[in-house]
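A.B. asks: Once you've had a glance at the structure underneath, I'll fire off some questions.
Derivation of every value follows stated rules applied to the coordinates shown; laboratory data play no part. All values reported here derive from a predicted model rather than from experimental measurement. Cβ coordinates were reconstructed from backbone atoms using ideal geometry, including for glycine residues, and neighbour counts include every protein chain displayed.
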Amino acid sequence: MAGNSTVTTGQTVSPRPKSGKVSVRNVTKIYDPEGANVVALEGFSMDMDAGDFVAIVGPSGCGKSTLMNILAGFDTLSSGEIYLDGEVLAAPGTKPTPGADRVVVFQQGALFPWMTVLENVTYGLLRQRKMGKAQAKAKGMEFLERSGNLGRIANSYPAQLSSGMQRRVEIIRALINDPKILLLDEPFRAMDTVNKNRMHQHLLKIFQDNRKTIIFITHDLEEALFLADRVIVMTTRPGTLKLDIAVDLPRPRDQSIMASAAYIALKQQAVSAVREEAKRAFERGEREMA
Amino acid sequence: MTDSVTHSGKPAPKQFSFLSNKFVLNVVGFMGFLFLWYASVQWLPIAAFRRLPDPVEVIIEWTSPDPYYGVSIFTANYYTHIFYSTYRVLASFFLAIILGVPLGIFMGWKVSVHNYAYALLGLLRPIPPLAWVPIAILLFPGVELAVIFVTFLVAFFATTMNTYVGVKAIPEDYFRAAACFGATEADILRDVVIPGAMPSIFTGLQIAMGAAWFSLAAGEMIAAQYGLGFVIWEAYNLIQYTTIVIGMATLGLAGFLSSAIVRWIGNRLMAWHEQKLGMEA
């Protein structure tokens, strides 16, 4: 397994997966319809092909997290539908059900602190009764080894690892279940620039080697443009689609593309849209405070 | 993990490190207390203090093979009293675990259980253990059960409330992550709720152990024929003031030791938690 990590340059992205096509149609989410009546999402639609890497950008409170919670099966929607590979995933009246086909990597990190790295990584395999303990352990070790020789930390507890390492383990814990969609909710938010860049490279390598539908939620536009095939900019509350930018920068990508003319052009296009929404959110915030 | 700071064999970079040594300071504090006690009994011109035994008298009586008032570490009845008190505390403590931990867990985890129980517990909890003694004597046949009930109550509230708080403090994302990976309700109880609340449960058990000893003494003073609380009250009635202090000191030691044992078991069970603390320290 060792040495795999050095031969990525020049490789193209692995072929698109067969499943993981997402269709979000006219989704509205209203919290507390009889009371405060907060419209978090309003008529939001987007379509993703299997193997698309989509980043969703918007100011705080734009409904990014609401959308993610509905996709993950943590929350209901008020109207509209979401389809996964042609089947209804969420519609009004359906019970939200999380599942291993849509695994979330959480903003604050949600490795179980009382389980070792290996116990965390094999958790999904064992709970879904996909395989026996010994087999799950072997597979867990294989995934850890493949991801930069992490086998050496298999018996560590999460608190003994750096935050970057915790994130890598959490992503492995998700990927080992072979989900159709990987939902990343601002996973690198609390990191410094150096670690963030390292994690970006790491995530791009994972995407390259084992392509999946990825929905990446962030408020960092540069991060979104650097990682994704498409960047969706959302408006401030009620959240709806403001701008859908196709990022046709070549893969594999590294930091140098951030200096390319194509990247800068895309960024300029996006920056004004994001800034406009951020300003609106800020002004409304002030009014709400007053 | 083991204590990484060793006090012996370490080169002493600071000249006054002796005075910052934790053990030394503990001993200094303890000796200071004994001195103040001795001084106030021997030298204060206050009659009330003159009636009390000084620490030297107590230690002599406590370690005497032939104690003046009949209770010392060489007499069998001393251990009979310790046995009765320990037995009552342990019975109450385990009853508190058996009833309090599940109740706390389900109160923290399930809103309906919370709604049934929380307000009721909030009303019952402030009632001091002594106030329960008459009801306990009326309710239970015999003194033994009454004393255990009174001791149990305080331990039960401490266990329940800390377990409840522990479950409440588990981040929502852990539940969501478990659900993502296909965990059933039973899995979530075993894999998230119980381990997540464990540090707080053990805090509760330590408090419960301490609380059990002090409400035990109250119960035994009023309603028992054996036990350390009984020793204290009996000695008061018989004007055997030295024995009062022996009973008190024994209660203190028993409470301290039993809390230390609970803490030790907790640390053994939660390797992940201690390591976390070790890293933050």
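A.B. asks: With each label point set 7 Å from Cα along the Cα-Cβ vector, what nm distance links A:N155 and A:K95?
C.D. replies: My value for the distance between the label points is 4.2 nm.
A.B. asks: OK, next. Order of A:S23, A:S65, B:S112 from fewest to most other C-beta atoms within 10 Å?
C.D. replies: Least crowded to most crowded, the residues run B:S112, A:S23, A:S65.
A.B. asks: Let me know the volume per residue of the alpha-carbon convex hull for the protein assembly as shown, in Å³.
C.D. replies: 256
A.B. asks: For the stretch B:76-280, what relative contact order do you get, as a whole percent, if you take Cα pairs closer than 8 Å and at least 6 residues apart?
C.D. replies: 25
A.B. asks: With Rg and the Kirkwood Rh both taken from Cα atoms, where does Rg over Rh land for the stretch A:172-267?
C.D. replies: Rounded to two decimals, Rg/Rh equals 0.95.
A.B. asks: Right, something else. Springs between alpha-carbon pairs under 10 angstrom, Gaussian network model over chain B: which of B:A178, B:A96, B:A208 fluctuates most?
C.D. replies: Most flexible of the set in this elastic network: B:A178.
A.B. asks: While we're looking at this one, here's another question. By how many degrees, between 0 and 90 and to the nearest 10, does the Cα long axis of helix A:133-146 differ from the longest principal axis of chain A?
C.D. replies: Its long axis makes an angle of about 80 degrees.
A.B. asks: Tilt of helix A:163-175 relative to the longest C-alpha principal axis of chain A, in degrees (0 to 90, nearest 10)?
C.D. replies: That works out to roughly 90 degrees.
A.B. asks: Here's something else I'd like to know. Can you give the extra length, in nm with one decimal, that the chain gains between B:I60 and B:A260 once fully stretched, where that is 0.36 nm per residue apart less the Cα-Cα distance?
C.D. replies: Computed gain between B:I60 and B:A260 is 69.3 nm.
A.B. asks: Counting partner chain Cβ atoms within 10 Å of every residue's Cβ in A:97-106, what's the average?
C.D. replies: 4
A.B. asks: Could I ask something else about it? So if we plug the beta-carbon distance of B:F49 and B:I127 into 1/(1 + (r/R0)^6) with R0 = 35 Å, what FRET efficiency do we get, rounded to 0.05?
C.D. replies: The calculated FRET efficiency here is 0.55.
A.B. asks: How are the Cα pair distances of the stretch A:48-126 distributed, in percent, across 10 Å bins from 0?
C.D. replies: 15, 40, 34, 11, 0
A.B. asks: Please give the Cα centre distance for the stretch A:239-283 versus the stretch B:55-72, rounded to the nearest Å.
C.D. replies: Going from one Cα centre to the other spans 84 Å.
A.B. asks: Given the options B:F149, B:G166, B:L90, identify the residue whose Cα lies farthest towards the positive end of the charge dipole of chain B (+1 on Cβ of Lys, Arg; -1 on Cβ of Asp, Glu).
C.D. replies: Towards the positive end, the residue furthest out is B:G166.
A.B. asks: Moving on. Please compute, for the alpha-carbon atoms of chain A, the extent along each of the three principal axes and give them in descending order in Å.
C.D. replies: Extents along the principal axes: 55, 47, 39 Å.
A.B. asks: Using +1 at the Cβ of each Lys and Arg and -1 at the Cβ of each Asp and Glu in chain B, identify which of B:F202, B:V41, B:L138 lies farthest towards the dipole's positive end.
C.D. replies: With unit charges placed on the Cβ atoms, the residue in question is B:F202.
A.B. asks: What FRET efficiency would be calculated for the residue pair B:F83, B:S112, taking the C-beta separation as r and a Förster radius of 41 Å, to the nearest 0.05?
C.D. replies: The pair B:F83/B:S112 has a calculated efficiency of 0.45.
A.B. asks: For the stretch B:138-246, what are Rg and Dmax over the alpha carbons, in angstrom?
C.D. replies: Cα-based Rg and Dmax for the stretch B:138-246 come out at 20.8, 69 Å.
A.B. asks: Normalised radius of gyration for the stretch A:131-197, please: alpha carbon Rg relative to 2.2 N^0.38 Å, two decimal places.
C.D. replies: Compactness ratio reported: 1.19.
A.B. asks: Among DSSP bridges having both ends in the protein assembly as shown, what percentage is antiparallel? Round to the nearest 5.
C.D. replies: 50
A.B. asks: Shifting gears a bit: What angle do you read, to the nearest 10 degrees and between 0 and 90, between the alpha-carbon axis of helix B:143-168 and the longest principal axis of chain B?
C.D. replies: With rounding to tens, the tilt is 40 degrees.
A.B. asks: Using a Förster radius of 35 Å, what is the FRET efficiency between B:V24 and B:A271 based on their Cβ-Cβ separation? Nearest 0.05, please.
C.D. replies: E(calc), rounded to 0.05, equals 0.70.
A.B. asks: Moving to a separate point now. Going down the table (A:K205/B:K168; A:K180/A:K279; A:K29/A:K196; A:K29/A:K279; A:K133/B:K168), which pairs top 27 Å between alpha carbons?
C.D. replies: From the list (A:K205/B:K168; A:K180/A:K279; A:K29/A:K196; A:K29/A:K279; A:K133/B:K168), the Cα-Cα distance tops 27 Å for A:K205/B:K168; A:K180/A:K279; A:K29/A:K196; A:K133/B:K168.
A.B. asks: With each run of n ≥ 4 DSSP H residues scored as -39500 (n - 2.57), what mean residue ellipticity at 222 nm is computed for the protein assembly as shown after dividing by its residue count and rounding to the nearest 500 deg cm²/dmol?
C.D. replies: Helix-only estimate at 222 nm: -18000 deg cm²/dmol.
A.B. asks: Relative contact order of chain A, please, whole-number percent, based on alpha carbon pairs below 8 angstrom and at least 6 residues apart.
C.D. replies: Relative CO of chain A lands at 26 percent.
A.B. asks: While we're on this one: Please state, as a whole number in µm²/s, the translational diffusion coefficient that the Stokes-Einstein equation yields for chain B at 37 °C and 0.692 mPa s, with Rh defined as the Kirkwood radius across alpha carbon pairs.
C.D. replies: 149
A.B. asks: If you don't mind, there's one more thing I want to ask. Nearest 5 is fine: what % of DSSP beta bridges in chain A come out antiparallel, could you say?
C.D. replies: Restricted to chain A, the bridges split so that about 50 percent are antiparallel.
A.B. asks: How far is it, in nm, from the label point at B:L138 to the one at A:R198 when both lie 7 Å from their Cα along the line to the Cβ?
C.D. replies: 6.9
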